[in-house]
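Notes follow the structure.
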Amino acid sequence: MSTERYHNQFTISWDRLHRDVRMLCHQLIGRDFKGIVAVTRGGLIPAALIARELDIRLIDTVCIKSYEHMEQSSINVLKGIDHDGDGWLLVDDLVDTGKTAGAVREMLPRAHFVTIYAKPEGRPMVDQYLTEVAQDTWIQFPWDMGISFVEPLVDQLRTRKE
Ligand SMILES: O=P(O)(O)OC[C@H]1O[C@H](OP(=O)(O)OP(=O)(O)O)[C@H](O)[C@@H]1O
Ligand SMILES: [Mg+2]
């Protein structure tokens, strides 16, 4: 963990993410959305999965960046949108401090804003989320990880003793 703010890690597998997105979709079913606005890049994968479950074909993006790995920087909006979000579902992967969500909400004040994961500071910025995660926890998403060899426990312990 490289930033002072984060003391724990919550690792999300592809399976877990898929299951969590589907659970959120159960809560959204029956609502009639004009389309989805995904907040890039983190919102793209949940948006694609939600689009499949809710049979939504119209997908747009707001392109915004505020982190370089765990380091937060100022908000950089690369692409906005030309409506106020009325009738649209706005999707991001998570809300942490709420800075990104605040900027996106200003652009699309009438959208229904959902994230899969939410930390307490940013939680009030979204209309709906599935799972709350502690503020000091870094959520490790599957697209930032890879499968690699893990040394057997006995060898790890032997190395540590040497
Ligand atoms: O609530 P906040 O503290 O603003 O943090 C949450 C935002 O940070 C991450 O995006 P990031 O800027 O890292 O870009 P990415 O989606 O391209 O990974 C994440 O996908 C959210 O959009
Ligand atoms: Mg993002």
key: Residues (of a type outside the set (S, T, N, Q), in a helix (DSSP H, G or I) and under 20 Å from ALA101 (Cβ atoms)) located in region 26-38   = LEU28
request  = Can you tell me which residue among ARG41, ARG57, ARG52, ARG19 is over 18 Å from TYR117 (Cβ atoms), at pLDDT 95 or above and out of contact with any helix residue (DSSP H, G or I) (no Cβ under 8 Å at 6 or more places or on another chain)?
outcome  = ARG52
message = Please count how many residues of region 68-96 are of a type in the set (S, T, N, Q) and away from ligand 2 (no atom under 12 Å from the Cβ).
response = 2
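One line per residue, one yes/no per condition, for (1) of a type in the set (Ser, Thr, Tyr); (2) away from ligand 1 (no atom under 15 Å from the Cβ); (3) surrounded by 19 or more Cβ atoms within 10 Å (Cβ to Cβ):
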{"site": "ASP86", "(1), (2), (3)": "no, yes, no"}
{"site": "ASP93", "(1), (2), (3)": "no, no, yes"}
{"site": "GLY102", "(1), (2), (3)": "no, no, no"}
{"site": "ILE139", "(1), (2), (3)": "no, no, yes"}
query = Do the conditions hold for ILE50, that is, is it within 25 Å of ASP15 (Cβ to Cβ), in a strand (DSSP E or B), more than 12 Å from ligand 2 (Cβ to nearest atom) and open to solvent by less than 70 Å² (accessible area, probe 1.4 Å)?
reply = no
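The values are calculated or read from the model by the stated rules, or taken from the named source; none is laboratory data. Note that this is a predicted model, so its numbers are computed, not measured. Cβ atoms come from the backbone with ideal geometry, glycine included; neighbour counts cover every protein chain shown. Only protein heavy atoms, including side chains, enter the accessible area calculation; ligands, DNA and RNA are left aside. Shrake-Rupley method; radii C 1.70, N 1.55, O 1.52, S 1.80 Å.
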